[in-house]
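See below for the structure under consideration.
The values are calculated or read from the model by the stated rules, or taken from the named source; none is laboratory data. The structure presented is a predicted model; accordingly, all values stated were derived computationally and were not measured. With ideal geometry, Cβ positions are generated from the backbone for all residues, glycine too; neighbour counts draw on all protein chains shown. SASA here: full protein model, heavy atoms, side chains in, ligands and nucleic acids out. Shrake-Rupley method; radii C 1.70, N 1.55, O 1.52, S 1.80 Å.
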Amino acid sequence: MTQDTVEFIHRFEPGADAARPLLLLHGTGGNETDLLPLGRMVAPGAALLAPRGPVTENGMPRFFRRVAEGVFDEADLRRRTGDLAAFVAAARERYGLGAPLALGFSNGANIAASLLLLWPETLAGAVLIRPMVPFAEPPAADLAGRPVLILSGAMDPIVPVENARRLAAQLTASGATVEHRILPAGHGLSQAEVSVAAGWLQTAALRSAA
Ligand code: MLT
């Protein structure tokens, strides 16, 4: 890692399983506590690492800047993704953790997708809830064997299903093992995510644990 470490406000909750922690990445307007209950439900016993997005938009925390809804400031996204990768590496040392699986929602899912593409060694895999394609031109990445679950909403007004399909195709082309589920939901988190993500985490993620 060549990057200087940028400190993120974060919560760390130890768990019986430090080998496969969850990196919880909230959506726009959320914070480091938002996804702790979801993390506990989908991966009981996993250590939880939850940073707060360092950028604010009208007072709402985010992980990177955007020009408009769904239009990203790609230079800022690249820089913030490097900062997050450095934070994860430092937190692994500090807390004695294995490579995490990301569990990201919306803006958090988008930076998780960016981490996969730009810093593929940072994550053991990812659950991406309502993500979209982070870069107009996908960076080349080697994601061989990384399991990724994408959960899209069929009625999502922010992310067209076609966009999420493109992300699934980009990650698959980089070697990830992608499962893309399209749920009868909008952009918001639904109860369905809990059981789908929990079931997937128990099977696909553990199978590929490295
Ligand atoms: C983003 O900016 O990451 C996406 O538009 C999703 C959102 O945060 O609303």
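A few remarks follow.
- Length released on extending from TYR95 to GLU7, taking residue separation times 0.36 nm less the Cα-Cα span: 30.2 nm
- At an R0 of 25 angstrom, the distance between the Cβ atoms of GLU57 and SER190 translates into a FRET efficiency of 0.55.
- Spin-label model distance (nm) - ARG40 vs GLU137, 7 Å beyond Cα toward Cβ: 4.6
- Residue of ARG62, ARG52, ARG94 that the Gaussian network model of the chain assigns the largest fluctuation, springs spanning Cα pairs under 10 Å: ARG94
- Residue of ALA47, ALA168, ALA19 that the Gaussian network model of the chain assigns the largest fluctuation, springs spanning Cα pairs under 10 Å: ALA19
- Sulfur and carbon atoms: percent of accessible area, the chain [1.4 Å]: 53
- Take the Cβ atoms of ASP17 and ILE182, set R0 to 35 Å, and the FRET efficiency comes out at 0.75.
- Computed over the chain, relative contact order equals 18 percent, with contacts defined as Cα pairs under 8 Å that lie 6+ residues apart.
- Label sites at ASP76 and GLN202, each approximated as a point 7 angstrom past Cα along Cα to Cβ, lie 4.1 nm apart.
- For the chain, the normalised intensity computed at q = 0.08, 0.11, 0.19 Å⁻¹ comes to -0.22, -0.43, -1.54 (log10 of I(q)/I(0), Debye sum over alpha carbons, equal scatterers, no solvent).
- Beta bridges from DSSP with both residues in the range 2-209: antiparallel share about 30 percent, rounded to the nearest 5.
- Solvent-accessible surface of the chain, taken per residue with a 1.4 Å probe and all protein chains present: 42 Å².
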